[in-house]
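What follows is a set of notes on a single structure, which appears directly below.
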Amino acid sequence: MANFSLLVRSVIVLLVFLSATTPLAAQSAPEIVSRGKLATALVVAEARRVSGTAFCVDPAGYFVTNAHVAGKTGDTVKLVLLSGEDGETVVSGRVVRVDETADLALLHCTSQTQLTALEVGTDEKLFETQEITVFGYPLGKALALRNNEFPNITVSVGRISAIRRSKNAPAAIQLDAVINPGNSGGPVLNTSGQVIGVVVAKIGNTDLNLAIPSSQLSTFLLRPDVTFARPAIAASRRHEPLELEVKVTPFDSKPRNFSVQMEWSSRGDDRRTLRLESADGSTFKTQVIPVPPPADPNQLELVARFNRGALQGLVANTTLTLDQQQISLREVRRITRSETGFQIEAHENRRLRGTQLTGLPRAVQIGNQAVKVQLAQASELLVAAPADGTGAINYTLIVLEGETELLRESGRIVLQNDTALPDIAGGNLQALGGESPFPDFLEPAPGALYESNGLRTKDREYVRTRSNSLLTGDFAAEILFELQSADKEDWGKVAFIGIGTVERAAYDEPKNCAYLRIQPLHINGEVGLSNRPVDSGTIIGRFRTVGPHLARIRRKGELVIFEVDVDNDGPSPDDFSRTIPDIRAFVPELHEKNTHFFFGGAALFQKVSFR
């Protein structure tokens, strides 16, 4: 009995000791609720008819929410502070950063009210059954007591029921707190009032809810905004110095120690690491020769076409004289001869005309042989720097803070061929669909579905030009279109725009063509330039929205360029293009009597122009 009494006294002492060692950092429930309410805002994205929750992470006016609540960078939303309470304030917030993969977004607002920010905690020591408090606005504005009013905040208490891990790090936190649509973007606080998660989803009609761990939020907030305007590099100037500029901007004004470098590769034997320098810690610059010059800068590649044949080889650079006008052969792109004389087309759209041309090379090196030839008798001469295997430059942009890598982003810069191409005057697009579904230059397509604002083509039906002789002259075509909305039940909804025979191969896809193959949005909306059926070819860009999109195809001589204006908003960084230097080499089956401009597949084609 004495031993039992001693045991009871020991247990009591132990319990008293444990209660005395409760972490001092813990806050009372009223303190957590008060601070959470002050920091949490109702988000209303009126344009998208979406509402959700956000919380302040910096008193300078920065709030965090989910990407699916905020929309895209540059969008504006309403932030309702102290919603439904005395002192309710509505301010305008702008989306300044979006990470769709993490489903996080950063908002910024300018408020005259002093803002309360929540501290972002760590998720390293989270455990199942840990107590948490969740703040948010379930069902958005639906819980308001009256129309034209905003609802009060909802505070739920629960526990962590599971920690979903990936590579030994928290990937998602499962909660049993009461959460509904509208809570998305709300903070999940621990007993110290720190953010340990961001509400992101509710699993069906269950009590299982998921939150984004705070480690992912910290990574999102630490990563600065990085802007790199990919330069347009003319193929003719690829051996000239070019300045690169990268801007690195953190979301707050705290001093940071950033550094920027870039891995640069123009071809297999050209791999460089560029280190960008900065005077202010924010704007980083360097100069680079995009493509190393050839070993012999005086050597040029030349194609000579005669009435009964052609030859191709290397020649030495010379100075040409055309009726007392002098020009270096290196500056020339094309020389044509006619009954009236010669025309020289040079870089930057310069043109010379005359009757007497001298100074042309007397021999062309073909392999190891120097062949003497009268180049002045050729009907056409094409001149270029020797092929160096470079049509594009691959780069990887790396941003570090100290030794920590914050960003690694890869991209591709396609060299722009600066040969003058035929253009299309603005406003020349003709409407498709309606009462007059086809302009005169198009063949009627029995498989097309007419709509008031365009036409659709069934599955892999195609609309094509009446003319099949596109290789007999230069041309320009453009088309305005919208993709179909995502349909995860149908993986075959692909759109096609191109030039070629429009013959069908496997799965009724076009063959003997050069065309854009556009995947549906639920398969990333990738756009490839292909010359084979059922093959994405070279991926040159990506669509993220239904539309409108403008595609343009232009031909000058043997050169064809495909261009895509993603939002039909004129030149902008999100546009992309691809140049085919020799269309006959790219699609050997094409000739002067089988080449159409065509479009079809799963899209709404609205307007088209061709000349």
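First select every other residue whose beta carbon is under 9 angstrom from the beta carbon of residue 42; then total the charges, Lys and Arg +1, Asp and Glu -1. The partial results should precede the final answer.
Values: positive: 78, 141; negative: none.
After counting each charged neighbour, the total is +2.
Sort 560, 546 so that the residue with the fewest other Cβ atoms within 10 Å of its own Cβ comes first and the one with the most comes last.
Starting with the residue having the fewest Cβ neighbours, the order is 546, 560.
Can you match mean projected area of the Cα convex hull in nm² to one of these, (1) 32.0; (2) 26.4; (3) 40.8, based on a calculation from the structure here?
Read-out from the structure maps to (3).
Normalised by the number of residues in the chain, what is the relative contact order in percent for Cα pairs under 8 Å and 6+ residues apart?
Values: 1453 pairs, mean separation 52.2, N = 611.
Relative CO of the chain lands at 9 percent.
Ordered by residue, what ³J(HN,Hα) values in Hz, to whole numbers, does the range 333-338 give under the Karplus form 6.51 cos²θ - 1.76 cosθ + 1.60, where θ = phi - 60° and Gly and Pro are x?
9, 8, 10, 10, 10, 9
Positive end of the charge dipole of the range 66-202 (Lys, Arg +1 and Asp, Glu -1 on Cβ, about the Cα centre): tell me which of 188, 163, 152 has its Cα farthest that way.
Most positive-ward Cα: 163.
Using the basic label-point model (7 angstrom from Cα toward the beta carbon), what is the residue 321 to residue 31 distance in nanometres?
Once both label points are built, they end up 9.3 nm from each other.
Restrict the search to the range 463-561; then list the chymotrypsin sites (Phe, Trp or Tyr not before Pro) that DSSP places in a loop and that have at most 12 other Cβ atoms within 10 Å of their Cβ.
491
Might you report the magnitude of the Cβ-based charge dipole of the range 29-222 about its Cα centre, with Lys and Arg at +1 and Asp and Glu at -1, to the nearest 20 debye? Don't jump to the answer; show the numbers that get you there.
Values: 16 positive and 18 negative charges, 84 e Å.
Dipole about the Cα centre, nearest 20: 400 debye.
Relative to the longest principal Cα axis of the chain, at what angle does helix 29-39 sit, 0 to 90 degrees, rounded to 10?
30 degrees
Under a straight-distance cross-link criterion of Cα-Cα below 19 Å, which lysines are reachable from residue 593, leaving out those fewer than 8 residues away in the same chain?
511, 556
Would you mind counting up the charge near residue 531? Only other residues with Cβ under 11 Å from its Cβ, with Lys and Arg at +1 and Asp and Glu at -1.
Working: positive: 511, 517, 532; negative: 535, 589.
It works out to a net charge of +1.
Students often forget the sequence filter, so: which lysines lie under 22 Å Cα-Cα from residue 167 once same-chain residues fewer than 8 apart are removed?
Candidates past the 8-residue exclusion: 125.
So what's the gap between the Cα centers of the range 499-515 and the range 534-611, to the nearest angstrom?
Each part reduced to its Cα centre gives a spacing of 14 Å.
How would you rank 593, 493, 72, 254, going from fewest to most other Cβ atoms within 10 Å of each one's own Cβ?
On the way: 593 10, 493 20, 72 13, 254 7.
Final ranking by Cβ density, sparse to dense: 254, 593, 72, 493.
At 222 nm, what helix-only mean residue ellipticity would the chain give, in deg cm²/dmol to the nearest 500, using -39500 (n - 2.57) for each DSSP H run of four or more?
Values: 5 runs with 47 residues, N = 611.
Calculated at 222 nm, the ellipticity per residue is -2000 deg cm²/dmol.
What ranking do 499, 163 get, fewest neighbouring Cβ atoms within 10 angstrom at the top?
Details: 499 27, 163 17.
Ranked by crowding around the Cβ, least crowded first: 163, 499.
Rounded, prolate or oblate: which fits the range 74-140 when a ≥ b ≥ c are the square roots of the eigenvalues of the alpha-carbon gyration tensor, with rounded for a/c under 1.5 and prolate only if a/b beats b/c?
Oblate, because a/c is 1.5 or more while a/b does not exceed b/c.
Say the dipole of the chain comes from +1 at the beta carbon of Lys and Arg and -1 at that of Asp and Glu; which of 599, 111, 360 then lies farthest toward its positive end?
The residue sitting most towards the positive pole is 360.
Calculate the FRET efficiency for residue 263 and residue 374 from the Cβ-Cβ distance with a Förster distance of 41 Å, rounded to the nearest 0.05.
With R0 = 41 Å, the Cβ-Cβ based efficiency is 0.30.
Let me see the P(r) profile for the range 430-610: every Cα-Cα distance counted, bins of 10 Å, each bin given as a percent of all pairs.
10, 42, 39, 9, 0
Using the Karplus curve 6.51 cos²θ - 1.76 cosθ + 1.60 with θ = phi - 60°, work out ³J(HN,Hα) for each residue of the range 244-250 in order, rounded to whole Hz, and write x for Gly and Pro.
10, 9, 10, 10, 10, 10, x
Quote to one decimal, in nm, the extra length available between residue 394 and residue 100 on full extension: 0.36 nm per residue of separation minus the C-alpha distance between them.
Once the chain is fully extended between residue 394 and residue 100, it gains 103.4 nm.
With +1 assigned to the C-beta of every Lys and Arg and -1 to the C-beta of every Asp and Glu, and no other charges, what is the dipole magnitude of the range 558-611 about the Cα centre in debye, to the nearest 20?
In total the dipole reaches around 320 debye.
Given charges of +1 on the Cβ of Lys and Arg and -1 on the Cβ of Asp and Glu, with all other atoms neutral, how large is the dipole of the chain about its Cα centre, in debye to the nearest 20? Walk me through the intermediate numbers first.
On the way: 64 positive and 70 negative charges, 200 e Å.
Its charge dipole is roughly 960 debye.
When a/c reaches 1.5 or more, the comparison of a/b and b/c decides; with that in mind, is the range 299-384 rounded, prolate or oblate per its Cα gyration tensor?
On the way: a/c = 1.75, a/b = 1.37, b/c = 1.28.
Prolate, because a/c is 1.5 or more and a/b exceeds b/c.
Need the list of lysines near residue 141 for cross-linking: C-alpha distance under 25 angstrom, and skip anything on the same chain fewer than eight residues off.
Filter leaves 37, 72, 78, 202.
With unit charges on the beta carbon (Lys/Arg positive, Asp/Glu negative), name the residue among 530, 320, 400 whose Cα is farthest towards the positive pole of the charge dipole of the chain.
About the Cα centre, the residue reaching furthest to the positive side is 320.
Around residue 468, under 9 Å between beta carbons, what's the net of Lys plus Arg minus Asp minus Glu among the other residues?
Net charge around residue 468: +2.
Using Cα pairs under 8 angstrom and six or more residues apart, how large is the relative contact order of the range 265-402, in percent? Mind dumping the intermediate values first?
Working: 231 pairs, mean separation 37.5, N = 138.
The value is 27 percent.
Set the Förster radius R0 to 41 Å, insert the Cβ-Cβ distance between residue 523 and residue 145 as r into 1/(1 + (r/R0)^6), and round the FRET efficiency to 0.05.
0.35
Rule-based calculations on the coordinates, nothing more; no lab input. Computed from a predicted structure; not experimentally measured. When we count neighbours, we look across all protein chains shown, and the Cβ atoms used for this are built from the backbone with ideal geometry, even at glycine.
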